[in-house]
Amino acid sequence: MKSYLYIAFAVCLVSASAKAADRPNIVFMMSDDQAWNGLSVPMHPDLNWSKSSIVETPNLEKLAAQGMRFSAAYAPASVCAPTRISLQTGKSPAAVHWTKASRSVTAADGYKMIGPRNVRQIDRNETTIAELLRDAGYATAHYGKWHINGGGPAANGYDEGDGDIGNEYAHQYGDPNPADIFGMAKRSIAFMEKNKKADKPFFIQMSWHALHAPQNAIGATLAKYAQKMGSSVDEKRVGSAAIAENLDTGVGMVVDAIDRLGLTDNTFVIYMSDNGSGGGGGGKRGGRRGGLAGGKGGVWEGGIRSPMIIRGPGIPANSWCHERVVGYDFYPTYCEWAGIPDSKLPGNIEGGSIVNLLDDGNGTVKRSREELVFHFPHYQGGDGPHSALFLGNHKLMKFYEDNRLALFDIAADISEQNDLSQQMPQKVKELDRLLVTYLNDVDAQMATPNPNYDPSKAPIARKGGGGRNKTQKSGSRKKQGGTR
């Protein structure tokens with residue numbers, strides 16, 4: 001009898017070990033403030049301006065050649081901290097009531113509306129993706145920029161991490177380790193080596209600080225791009241281009257280690273940005289070559305559309321997916337990869353698994369709602385508080401200072417140049433109704449009228465806090481093209 005028990009126990013151990021080996025490792029890498037077209041990798045097969053003509057990212061080119069590019073990938077928000085909490089919780093920033101990174105304007109700042117105040121701390125009642133994965137037997141690590149407080153990675157499901165750090169952390173690291181790019185890479189590699197020896201699946205989130213601290217780029221790289229762009233090494237665009245290449249080197253270090261450790265066939269590698277780049281509603285005009293409208297701090301395409309590449313088991317090389325995906329879709333995606341049953345996921349997550357897209361790029365993402373909403377009830381660019389809703393090929397934008405509505409066929413008009421609101425009033429009403437319903441359902445925070453507003457006085461401009469106090473007319477918005 002004892003012999004049978006020992007055999008049964010051994011079989012259980014072998015089965016458990018085999019099951020653990022079948023679960024893939026996950027390495028998620030997120031850049032900071034990197035434009036959709038800020039890589040030397042095209043993000044759309046038919047748009048020659050969907051890649052940078054200046055920045056060189058050969059390791060990301062290699063990753064794209066080995067995996068799948070997503071032409072319609074979106075960061076959850078147009079600024080960093082809301083995207084970061086969204087990734088941890090599987091919910092939109094509107095639903096977690098964190099829609100801005102820096103503080104909102106107050107009545108004293110003189111804007112027409114007052115933006116809501118965010119708590120700016122991850123709630124201890126949230127179940128993070130790291131907590132779910134750790135409970136499922138994964139080793140978990142978070143390296144780099146955390147920026148959502150709440151005790152940092154250690155208090156939110158991560159076995160290892162760099163602590164509760166934000167933007168300021170990057171500035172202490174210069175050449176030869178700009179913005180701690182190579183330090184982060186080395187820590188992640190050590191974590192992979194340790195867990196390979198332990199035969200334990202792992203999840204690593206690498207929240208790169210770059211493209212912050214651009215002038216901390218390697219000196220030789222700064223000189224290269226200064227010569228290439230005909231500018232001074234102190235020019236910010238030169239620094240941004242240089243540190244983007246340095247970041248690409250760090251990405252290559254991590255991916256090469258995965259291959260060297262023999263983990264390629266059982267590891268998903270994901271790369272995306274936390275938001276678009278540019279100066280909000282102002283941005284930079286793309287010119288005749290094209291570009292995305294807007295930038296950071298606004299929900300035009302330039303603020304929320306993100307480069308995204310995934311390499312992993314079963315994903316065809318050099319493939320494309322044109323389905324719309326959003327950063328908080330990774331929460332249920334990771335759970336599906338890890339074999340975590342739906343019954344263990346929080347009932348109020350908004351993301352949908354993208355696993356069925358990875359075979360050939362086709363399929364649908366089943367979320368709790370068909371529409372996708374991006375909510376920015378603040379001042380940071382030139383548009384004031386505004387929101388966007390996607391449904392099918394259409395994108396509705398609503399500007400709260402004057403309740404102006406704009407409508408775009410985003411499949412045909414990625415640069416958002418042709419406002420269809422006057423031609424399709426019924427579609428505008430339908431989408432506006434969906435937007436209002438969604439915002440009510442998640443009890444979204446809204447901007448409110450400023451009782452002290454004086455249109456004769458210019459509002460106080462604050463870094464990261466506000467822009468102009470008038471919404472831009474549809475035809476006057478700018479386009480941003482990243483560092484090109």
Any idea what % of Cα-Cα pairs in the range 46-190 are farther than 27 Å?
-> 39 percent
Using only protein heavy atoms and a 1.4 Å probe, report how much of VAL119 is accessible, in Å² to the nearest 10.
-> 120 Å²
Potential lengthening between ASP265 and SER368 on full extension [0.36 nm per residue; Cα-Cα distance subtracted] = 33.9 nm
CD proxy, 222 nm, the chain: helix-only mean residue ellipticity via -39,500 (n - 2.57) per DSSP H run with n ≥ 4, per residue, nearest 500, stands at -8500 deg cm²/dmol
Sort largest first and round to whole Å: the equivalent ellipsoid semi-axes of the range 38-120, each the square root of five times a Cα gyration tensor eigenvalue.
-> 35, 16, 11
Let me know the shape class of the range 119-197, please: from the alpha-carbon gyration tensor, a ≥ b ≥ c as square roots of the eigenvalues, rounded when a/c is under 1.5, otherwise prolate if a/b is greater than b/c, or oblate.
-> oblate
Find how much the distance from HIS171 to TRP320 grows on full extension, using 0.36 nm per residue of separation minus their present alpha carbon separation; answer in nm with one decimal.
-> 50.0 nm
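Would you kindly state how much longer the chain becomes between MET446 and ASP135 on full extension, computed as 0.36 nm times their sequence separation minus their alpha carbon distance, in nm to one decimal?
Value of the extension gain: 108.3 nm.
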Across every pair of different alpha-carbon atoms, what Kirkwood hydrodynamic radius in Å does the range 404-463 reach?
-> 14.8 Å
If you take the charge dipole of the chain about its Cα centre, with +1 on Lys and Arg Cβ and -1 on Asp and Glu Cβ, which of PRO449, SER104, TRP300 is farthest toward its positive end?
-> PRO449
Place +1 on the Cβ of every Lys and Arg and -1 on the Cβ of every Asp and Glu in the chain, take the dipole about the Cα centre, and give the residue among ASN216, VAL79, PHE399 whose Cα lies farthest towards its positive end.
-> PHE399
Give the peptides 366-378, 303-315, 417-429 in descending order of average Cβ contacts within 10 Å, highest first.
-> 303-315, 366-378, 417-429
In debye, nearest 20, what is the charge dipole magnitude of the range 327-456 about its Cα centre with +1 on Lys and Arg Cβ and -1 on Asp and Glu Cβ, if you could check?
-> 240 debye
For the range 347-426, what percent of Cα pairs sit more than 17 Å apart?
-> 59 percent
One can check that the equivalent ellipsoid of the range 336-474, built from the alpha-carbon gyration tensor with semi-axes equal to the square roots of five times its eigenvalues, has lengths in Å, largest first, of 33, 20, 14
Determine the distance separating the Cα centre of the range 174-234 from the Cα centre of the range 145-164; give it in Å without decimals.
-> 19 Å
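The values are calculated or read from the model by the stated rules, or taken from the named source; none is laboratory data. Because the structure is a prediction, the values reported are computed rather than measured. Backbone-built Cβ (ideal geometry, glycine too); neighbour counts: all protein chains shown. What goes into the accessible areas is simple: the full protein's heavy atoms, side chains included, and nothing from ligands, DNA or RNA. Shrake-Rupley method; radii C 1.70, N 1.55, O 1.52, S 1.80 Å.
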